[in-house]
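Below is one structure, written out as structure tokens; the observations come after it.
The values are calculated or read from the model by the stated rules, or taken from the named source; none is laboratory data. None of the values given here were measured: they were computed from a predicted structure. When we count neighbours, we look across all protein chains shown, and the Cβ atoms used for this are built from the backbone with ideal geometry, even at glycine. Protein only, heavy atoms only, side chains kept; ligands, DNA and RNA dropped before computing areas. Shrake-Rupley method; radii C 1.70, N 1.55, O 1.52, S 1.80 Å.
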Amino acid sequence: FINMKTGKHLEGEAKYWDRFEEQSSRYGIPIWVDYQKADTKEIPFINFSTNPVVDKLYLGKVKDLVIKKAGVGKILDLGCGAGWLSLELARKGGKVIGIDISKKRIEIAKKYAKKEGIKIDYLVGDIEDCSWESNNTYDAIINWNSFHHTKDPQKILASVRKSLKKNGIFISWDHLGDNFFVKVASKFASIIPGYYKLKVKSLGSVHSEGEGIADLRITKEVVSPIMKVTEYKEYFIFVHLIPSLYKFLLVRMRLPIPIFLLKLILPFLLWLDAILAMVVPDNKNYAFLIAKKIKNG
């Protein structure tokens with residue numbers, strides 16, 4: 001897995017996600033394996049919410065939009081993980097290729113797709129070496145929260161453009177980097193006794209070696225010089241923090257917070273998220289983007 005152009009962090013990245021899947025698979029079907037049939041509820045050592053109901057409350061609209069916009073042509077899922085998005089796109093009729101650096105994640109994705117009777121071409125590989133590049137081949141290429149784990153996303157974007165057919169689309173949901181408020185929340189979490197203890201014990205570290213390693217993030221300004229950006233939206237904070245707070249109170253503090261309360265509160269917080277994104281423009285956390293390749297060459 002080591003690509004000398006991007007550094008030895010890739011070896012650690014692969015091992016981290018292998019371990020992540022080995023530990024997570026004990027709890028059932030996670031949301032990152034099957035968006036529709038996940039049944040894990042909350043996996044204790046993971047700090048974000050793994051309950052499929054909670055996941056759909058705060059990320060469902062974005063996930064559904066990505067699935068809808070990708071269409072049913074030939075699709076490349078870069079950094080596919082354990083395959084939830086590839087699976088949804090193939091269920092719709094797409095001809096999907098999924099690539100991920102973790103051998104274990106690809107093994108799980110293959111096994112699950114076979115169980116569901118769905119054909120998907122899964123490959124173990126480093127998306128940053130761009131060996132997947134193929135001129136004018138794909139109708140859609142997807143980045144779901146993967147490019148911020150790579151050192152040179154701009155290089156990958158150049159290969160994305162080459163690999164898309166004319167009028168093919170690139171869809172991205174990715175982390176923009178922790179804003180001030182997330183950094184404060186993370187600092188606060190780090191001083192809570194035992195907050196990360198179970199995660200470190202299970203995975204060896206709080207984050208993978210590639211977390212946030214990107215030299216730039218996928219924004220409209222980065223993509224627009226090479227492709228036509230047709231949809232773009234940035235998100236502020238609550239889409240990221242509230243489910244984690246809910247999980248901490250429920251699992252670590254053992255406060256019996258009913259799910260219906262989150263269903264009532266979260267829509268308001270997402271509305272507040274949109275307001276804050278406009279009021280504090282330099283403190284956004286995630287971005288959703290669709291871009292089109294309008295001409296070959």
| field | Hydrodynamic radius by Kirkwood, which averages 1/r over all alpha carbon pairs of the range 78-184, in angstrom | value | 14.6 Å
| message | Just to confirm my numbers, what's the Cα centroid distance between the range 35-88 and the range 211-272 in Å? | response | 14 Å
| query | Most mobile of 175, 207, 148 per a Gaussian network model of the chain (Cα springs, under 10 Å)? | reply | 207
| query | When ligands, DNA and RNA are left out and all protein chains stay put, how many square angstrom of accessible area per residue does the range 134-176 have with a 1.4 Å probe? | reply | 31 Å²
| Scaled to the compact-protein estimate 2.2 N^0.38 Å, what is the alpha-carbon radius of gyration of the range 1-154, rounded to two decimal places? | 1.01
| Under Stokes-Einstein, with the Kirkwood radius over Cα pairs standing in for Rh, what whole-number D in µm²/s applies to the range 56-108 at 37 °C and 0.692 mPa s? | 287 µm²/s
| What is the spread of the Cα atoms of the range 121-183 along each of their three principal axes, largest first, in whole Å? | 41, 26, 21
| message | Cut-off 10 angstrom, C-alpha nodes, Gaussian network model of the chain. Which of 153, 52, 267 fluctuates the most? | response | 267
| For labels at residue 191 and residue 53 in the simple 7 Å Cα→Cβ model, what's the distance in nm? | 3.4 nm
| request: Measure off, as a whole percent, the carbon and sulfur share of the 1.4 Å-probe accessible area of the chain, all protein chains present. | output: 58 percent
| note | For residue 138, other-chain or 5+-apart residues with amide H closer than 5 Å (H placed, Pro excluded) are 164, 165
| Toward the positive end of the charge dipole of the chain, about the Cα centre and with charges on Cβ (Lys, Arg +1; Asp, Glu -1), which of 227, 87, 186 goes farthest? | 87
| remark: Cα-based Rg/(2.2 N^0.38 Å) for the range 144-297, rounded to two decimals, is 1.22
| query | With each run of n ≥ 4 DSSP H residues scored as -39500 (n - 2.57), what mean residue ellipticity at 222 nm is computed for the chain after dividing by its residue count and rounding to the nearest 500 deg cm²/dmol? | reply | -12500 deg cm²/dmol
| query | Using unit Cβ charges (K, R positive; D, E negative) and no other charged atoms, how large, in debye to the nearest 20, is the dipole of the range 78-120 about its Cα centre? | reply | 160 debye
| remark: In whole percent, the Cα-Cα distances of the chain spread across 10 Å bins from 0 upward as 6, 27, 38, 24, 5, 0
| field | GluC sites (Glu not before Pro) within the range 9-116: DSSP coil, no more than 16 neighbouring Cβ in 10 Å | value | 42
| GluC sites (Glu not before Pro), restricted to the range 195-285: which are DSSP loop and have at most 16 other Cβ atoms within 10 Å? | 211
